[in-house]
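The values are calculated or read from the model by the stated rules, or taken from the named source; none is laboratory data. All values reported here derive from a predicted model rather than from experimental measurement. Neighbour counts are summed over all protein chains in view; Cβ atoms, including those assigned to glycine, are modelled from backbone coordinates with ideal geometry. All accessible areas refer to the heavy atoms of the entire protein, side chains included, with ligands and DNA or RNA removed. Shrake-Rupley method; radii C 1.70, N 1.55, O 1.52, S 1.80 Å.
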Amino acid sequence: MASLPPRQATEVPQYDYDLYVIGAGSGGVRAARIASTMGARVAIAEDRYLGGTCVNVGCVPKKLFSYAAHFHQEISDANGYGWTTSNVSFDWPTLRDNKTKEIERLNGIYGNLLSGAGVELHDGRATLVNAHTVEVAGKRFTAKDILVAVGGRPFVPSIPGGDVGITSDDAFHLEELPEKVLVVGGGYIGVEFAGIFNGLGVETTLVYRKELFLRGFDDDVRTSLAEEMRHKGIELLFNHDVVRLEGKPGAITASLTTGGQRADDQLHTCEVGQVLFATGRVANTRNLGLEAAGIAMDDRGNIPVDALSKTNVESVWAIGDVTDRLNLTPVAIHEAMCLTQTLYADNPTSPDHDCVATAIFSDPEIGTVGLSEKEARAQVGKVVIYRSSFRPLKYTLTENQERTMMKLIVDGESDRVLGVHVMGRDAAELVQGLAIAVKMGATKADFDSTMGIHPTSGEELVTMRDPVSGN
């Protein structure tokens with residue numbers, strides 16, 4: 001790996017550091033570590049916890065909670081295979097506290113990674129003084145380049161009584177589970193937590209102000225998941241919105257609109273123990289001093305950057321969720337790797353945001369890569385659709401009626417597979433492998449010529465022969 005040229009012993013550094021990183025999340029930590037191993041003098045500041053959103057209040061604890069929620073169905077299914085599963089109970093504090101121990105372990109690993117790479121860690125929220133200076137805990141440091149990687153924070157709508165509810169950050173630390181919960185929001189966070197609460201035995205309602213949740217995902221995935229969630233006992237209230245909360249945790253009255261109507265005489269109420277706002281995230285740029293350094297932001301606080309992740313200020317860069325390009329942990333890490341190549345290897349490298357696989361750890365989960373059907377029809381002249389829905393073999397000895405849905409979107413002219421969408425158990429694991437094929441430009445003929453592994457759900461993706469539609 002290329003590195004900075006050695007500094008002469010008599011040379012007096014113009015700045016305290018070559019790179020100062022604000023935010024020790026996935027992207028910031030990777031950029032700091034790699035830059036340091038390439039010879040840069042690096043410091044990083046963090047005011048909360050090492051590892052950022054993903055490690056502490058995002059991907060990792062959420063997936064652990066998702067695993068816990070799935071055991072409810074797994075235990076029920078086991079009866080059909082001859083297992084006796086009477087007197088089974090769930091203890092929330094055990095899950096919560098074991099999760100916390102694992103997160104604390106990961107926090108320590110991140111600290112060791114930074115110190116092992118020679119990166120100085122500053123405890124506190126760094127603010128920019130100017131384009132080359134930051135201030136942390138009353139001390140000022142200068143740097144040739146500054147990287148802003150502060151991620152995002154939950155957004156809560158401004159409604160009367162809104163402070164009675166919680167966000168996904170808070171859900172990981174609840175003292176006890178409510179008997180009933182109202183999840184507000186139709187993005188992946190809301191969908192995931194609705195599945196988690198329901199799987200852990202909480203009576204769950206999800207409210208979303210539009211006609212169908214998961215805007216931007218393939219419509220067949222969206223409708224299939226809604227059907228499965230309803231079968232699992234989750235109440236879905238689409239075209240509804242929460243406009244007022246009253247009471248306190250344990251006894252909250254939520255006032256809801258129907259179909260966008262907001263007149264008081266058209267409201268209806270529901271009584272729940274807790275309200276979780278999963279109404280999106282915004283850039284964590286508040287009180288960061290970006291204005292003092294002349295750094296441009298959009299009206300949501302995101303930092304616009306160019307193809308190399310540079311802001312409008314020559315010495316200031318930004319990566320990860322704060323740029324609102326593609327808000328995924330592996331993408332932030334990829335952007336960090338590209339940035340270190342640009343700054344310290346004389347190799348200007350733009351992040352590649354094309355054809356990135358993603359997952360929703362709903363119940364059942366979703367894995368997807370490439371274009372949705374709607375996107376493909378807008379971009380390609382002729383589109384051929386292959387789709388299959390089936391009850392997996394695993395459930396045939398049980399009362400579980402959950403179905404899996406798989407879909408291929410193919411360019412009718414080139415035969416290239418433009419998108420793969422799976423809803424079902426382990427969909428993310430399945431799509432991760434398929435993402436390689438889609439990224440490489442595999443055709444439907446390539447899929448057809450691949451032998452399936454029998455009996456698996458995944459073999460369906462290489463045995464679909466009859467299109468359901470084409471234009």
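Looking at region 354-376, which of its residues are in a loop (DSSP other than H, G, I, E, B) and either touching a Phe, Trp or Tyr at 6+ places or on another chain (Cβ under 7 Å) or more than 23 Å from residue 423 (Cα to Cα) (or both)?
Listed by number, the list holds a single entry, 372.
Only one of these conditions is not met by residue 111: (1) loosely packed, with under 14 Cβ neighbours inside 10 Å; (2) of a type in the set (Gly, Ala, Ser); (3) part of a helix (DSSP H, G or I). Which number is it?
(1)
Please pick out the residue among 407, 382 that is touching a residue at least 24 places away in the same chain (Cβ under 8 Å), open to solvent by less than 60 Å² (accessible area, probe 1.4 Å) and of a type in the set (Lys, Arg).
So the residue among 407, 382 that is touching a residue at least 24 places away in the same chain (Cβ under 8 Å), open to solvent by less than 60 Å² (accessible area, probe 1.4 Å) and of a type in the set (Lys, Arg) is 407.
Of all residues in region 286-331, which are of a type in the set (S, T, N, Q) and surrounded by fewer than 23 Cβ atoms within 10 Å (Cβ to Cβ)?
Passing the criteria: 287, 302, 312, 315, 327, 329.
If we keep just the residues of region 204-223 that are touching a residue at least 40 places away in the same chain (Cβ under 8 Å) and in contact with an Asp or Glu (Cβ under 8 Å, 6 or more places away or on another chain), which is nearest to residue 239 (Cα to Cα)?
Going through the qualifying residues, I end up with 209.
Can you find a residue in region 239-252 that is of a type in the set (Gly, Ala, Ser), under 28 Å from the mean Cα position of the chain (by Cα) and surrounded by 15 or more Cβ atoms within 10 Å (Cβ to Cβ)?
no
Of the residues 448, 415, 411, 466, which is touching a helix residue (DSSP H, G or I) at 6+ places or on another chain (Cβ under 6 Å), closer than 18 Å to residue 387 by Cα and of a type in the set (Asp, Glu)?
415
Mind counting the residues in region 372-408 that are out of contact with any helix residue (DSSP H, G or I) (no Cβ under 9 Å at 6 or more places or on another chain) and under 23 Å from residue 453 (Cα atoms)?
3
Hey, could you check region 410-429 for residues that are among the hydrophobic types (A, V, I, L, M, F, W, C) and farther than 14 Å from residue 228 by Cβ and say which is surrounded by the fewest Cβ atoms within 10 Å (Cβ to Cβ)?
428
Can you tell me which residues in region 217-234 are touching a helix residue (DSSP H, G or I) at 6+ places or on another chain (Cβ under 9 Å) and open to solvent by 30 Å² or more (accessible area, probe 1.4 Å)?
Correct list: 217, 219, 220, 232, 233.
Quickly run through region 174-187 and pick out the residues that are within 22 Å of residue 53 (Cα to Cα) and part of a strand (DSSP E or B).
183, 184
Does residue 339 satisfy the criteria of being in contact (Cβ under 8 Å) with a residue 60 or more places away in the chain, on the phi < 0 side of the Ramachandran plot, of a type in the set (A, V, I, L, M, F, W, C) and in a helix (DSSP H, G or I)?
Taking the combined requirement at face value, the residue satisfies it.
Give me a count of the residues in region 422-462 that are touching a Gly at 6+ places or on another chain (Cβ under 7 Å) and without any contact (Cβ under 8 Å) to a residue 12 or more places away in the chain.
The total comes to 1.
Under 6 Å between Cβ atoms, at least 6 apart or on separate chains: pull out the pairs that start in region 392-403 with a residue that is among the β-branched types (Val, Ile, Thr) and end on any residue that is open to solvent by less than 90 Å² (accessible area, probe 1.4 Å).
Note: pairs meeting the criteria are 398/77; 398/80.
Considering 195, 216, 190, 201, which residue is in a loop (DSSP other than H, G, I, E, B), of a type in the set (Gly, Ala, Ser) and under 19 Å from the mean Cα position of the chain (by Cα)?
Criteria check complete, one pass: 216.
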